[in-house]
1. Report the net charge of residues surrounding residue B:451, where surrounding means a beta-carbon distance below 14 angstrom and charges are Lys +1, Arg +1, Asp -1, Glu -1.
2. Over chain B, what is the percentage of antiparallel beta bridges among all DSSP beta bridges, to the nearest 5?
3. What FRET efficiency, computed as 1/(1 + (r/R0)^6) with R0 = 41 Å and r the Cβ-Cβ distance, is obtained for residue B:660 and residue B:355, rounded to the nearest 0.05?
4. Calculate the FRET efficiency for residue B:183 and residue B:382 from the Cβ-Cβ distance with a Förster distance of 35 Å, rounded to the nearest 0.05.
5. What is the magnitude of the charge dipole of the protein assembly as shown about its Cα centre, with +1 placed on the Cβ of each Lys and Arg, -1 on the Cβ of each Asp and Glu, and no other charges, expressed in debye to the nearest 20?
6. Relative contact order of segment A:84-158, please, whole-number percent, based on alpha carbon pairs below 8 angstrom and at least 6 residues apart.
7. In segment A:84-158, what is the volume of the convex hull around the alpha carbon atoms, normalised per residue and reported in Å³?
8. Grab the alpha carbons of segment B:306-356, take their convex hull, and tell me the volume per residue in Å³.
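The values are calculated or read from the model by the stated rules, or taken from the named source; none is laboratory data. Everything numeric in this text was worked out from a predicted model, so none of it was measured. As a convention, Cβ positions derive from the backbone with ideal geometry for all residues, glycine included, and neighbour counts pool all protein chains shown. Please note that ligands, DNA and RNA were not included when accessible areas were found on the heavy atoms of the full protein model with its side chains. Shrake-Rupley method; radii C 1.70, N 1.55, O 1.52, S 1.80 Å.
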Amino acid sequence: MSKLNINGETVELEFDPDTPLLWVLREQAGLTGTKYGCGIAQCGACTVHIDGQPVRSCVYPASAIQPAQKIVTVEGLSEDISHPVQQAWAELDVPQCGFCQSGMIMAASALLDRVPQPTDEDINAAMTNICRCGTLQRVRRGVHRAAEIKAQGSQGESA
Amino acid sequence: MNTSTTMSLSRRKFLVASGATGAGLAIGVYPSGKAVADNHLDEVNAWVVINPDESVVIRIARSEMGQGTLTGLAQMVAEELECDWDNVGWEYPTPRENLARDRVWKNYATGGSRGIRESHQYVREGGAAARMMLIEAAAARWSAAPEDCSVSKGVISHKASGKTLTYGQVAADAAKLAPPLEVKLKDPSEWTVIGQPKMRLDTVSKLDGSQLYGSDINLPGMLNAAIKAVPVFGGKLKSFDADAANKMPGVKGVVQVGNNAVAVVADTWWRANKALKAVDIEWDLGDGARLNQAEIVERLDEGLTADTKLVGNQAGDVKAGLEGASKVVEATYSYPFLNHACMEPMNATAKWTEDFCEVWCPTQNGEAAHAGAAEAAGLPLEKVEVYKQLLGGGFGRRGAPDYVAQAVLIAKQFPGTPIKLLWSREEDMLQGFFHPITKARVVGGLNDDGDLESLHLRISGQSILAGILPQALQNGVDFATFQALLPEGDHSISYSVPNLLVDHAMRNTHIRPGFWRGVNVNPNAIYMECFIDEAAHAAGKDPLAFRRGLMQDNPLGWAVLSAAAERAGWADREANGKHMGLAVCHAFGSYVAACAEVSVNDSGAIKIDRIVAATDPGYCVNPQQTEAQVEGSFVYGLSALLYGECTVTDGKIDQENFDTFPSMRMAHMPEVETIVMPSGGFWGGVGEPTIAVAAPAVLNAIFAATGKRLRDVPIKHSDIDLA
């Protein structure tokens, strides 16, 4: 049994040492919001945060993660779909089939934590996820809109 | 915007939580196999269920794969129903129930951009009939005449008495009434829901991971399967040694699937897929294994000038016309095999017993999945149930039930145990239904005034219908090959050329072809639109003006083309130092055009900066979703143009994952401006047509920017680099 901190809770899970985090999340922890798209860290559908950093979980061995490290999946981004990225995504109706969107949302939220007002170049560099439906234009708008929502929110907090 | 979004978000969440939407229904809430709608005996009619809490459940027969049809179809029912849109949820009736009810929901197939344009009439009639029954039920309570009652947002009013009743209050009564014999639909000028940019009904669950796709299914006692089929089409399984795999942790069995595949069944998919690599498999690769890409291309080259009787469009005398032309222009183009590469790999979950088989799967055609599952199960259709899941992409791939049949064949070897089959990405890339490979030789004749008077467009290459639907050939002709080049119909040619010949030298391969979003319009629009651009330059004419001369009989095509050109600033492009290219076509019933703008940096690399795209789908049900489809079309279409291709070595597809089959990422995404300009009077599709104009508009813009004609897709093999 190994201890993992997932979405703020420490859970004990049993898995083979070479199992990628993606499959531990999906098959042991029951968190299927994180998707399998390629298995070789190309498409980004499996993106989660480890200690705030975006990670492609399909190639990240779960056994390499320490119990103190904080894993956040799309299910744990907010309790009520209220994260600025989720709000912006809803406002702009970003998803089409939606299968890549967990990864898009996790990549976007990690970017905004690092760069609160990203430029298009920042977005190009950080958001390398694949979307076959072709939501890229709305994803770009969504990141900018989420940055606005986040800025308004933090102003509200400081006021 | 903020407030209304928040409100509708919470409302949607409520509808999801209260089970008023179908998202939860089809995933095993009724594991007995009981059909969804059996639980709604109080349905007003087949299309509409209204609950006492006023939630409205609209039944959707077509599949949602991202294209927005689900929301569009619900808008069409809601328009006539006159319910409160904020109360609308949805569910999928199962194909088995459709069968039991004399196909009351008609066709389930979702492809060819037909979801809305093929069902607009009967789904609106369904909504209108339900409205009439609800009003009749209220009128009966008041002992009033239905015509003295009116309805708005689900509240029925009796004019004389001022009394009101809600849909939720009378739905049970309405369910007992006979359906009206005649229904009258609203005039389009009266629409208040159709034509509005309503938010999608399926967005919220896609934001927090709660949306379950087929690959997320988890049933009690379920096992997971990974599969490997023979990597060359036409090959067979000879033998396999599973000793090593059987000893690996979690493995429950290694089984043969049909005559060409091996599956490992384990407690988790990760373990199943790992053990699959340890199975020693011997294949009979078959005749296809002798074929390589170079030989396929040779066959196509031979077809470019070979004799053929397969004619798609003909006028005048093209031979005489070309012989008498003042100037002859000739060009040869090519378009490769392509995999659909849906983000969600193929998957299906099946539970088989001698008496009944249940299947949970993403499919573009519930009835085809039902039939495929029944055949594999060895059971009659009545004893097989298919619960459709939302698709993680479809693009034409999920119209075929091959993966559904595989899941059933595996489950049959584990009676009573649910088996979830998930393909690896590698399996998905190899076992596709590929966009057919074609080449085209186009020869045009100009007269002294530089007008195009003669045109011979020869397509050489693979036929989709010959490969997977031979019964659809007409006297050996695959008319789908000629999409957007036909004399009339939903895929008519854009131009009037006095001497015209469009023909096809069918050159098939063992590679399994399929309908790939946009289908044959993708190559055909390149062949026609890039050639027209070449001919315009040969004639010394502006490409827009040159086209206008050929579009006198195509006012709707000209309208979208000129709208795109005007918004893009075509007339002033040279003065502004902009490099632009045009393309137009009529496909899937809609008129679409694009004007692409390309720039060249100091090192000669090009960047696609901007696309203006115009679409006339006749009637537009949801403009913001139409925009989303148009924007997405450039990602799919330009991914193919820039880097997509599948090639063949020893009969096998070379590209097995996104590292060798790249898809467009953010850095290459141009800014897309969409003009939705519905002219009314017809229903056209929006999921596919724009893909076809993406590539030729960009290729023509690249010529404007660099003077180079790129005629082979993908352009990654050219000497042009992308910035």
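1. Numbers: positive: B:327, B:541, B:547, B:548; negative: B:448, B:449, B:453, B:542.
With Lys, Arg at +1 and Asp, Glu at -1, the net is 0.
2. Values: 85 of 117 bridges.
Given both bridge residues lie in chain B, the antiparallel proportion sits at roughly 75 percent.
3. Numbers: r = 46 Å, r/R0 = 1.11.
Once the sixth-power term is evaluated, E becomes 0.35.
4. Working: r = 31 Å, r/R0 = 0.89.
It comes to 0.65.
5. Values: 77 positive and 104 negative charges, 151 e Å.
Dipole of the protein assembly as shown, to the nearest 20 debye: 720 debye.
6. Working: 63 pairs, mean separation 36.5, N = 75.
Computed value for segment A:84-158: 49 percent relative contact order.
7. Details: hull volume 5.6 nm³, N = 75.
Given the Cα convex hull of segment A:84-158, per-residue volume reads 74 Å³.
8. Values: hull volume 13.0 nm³, N = 51.
Convex hull volume per residue, Cα atoms: 255 Å³.
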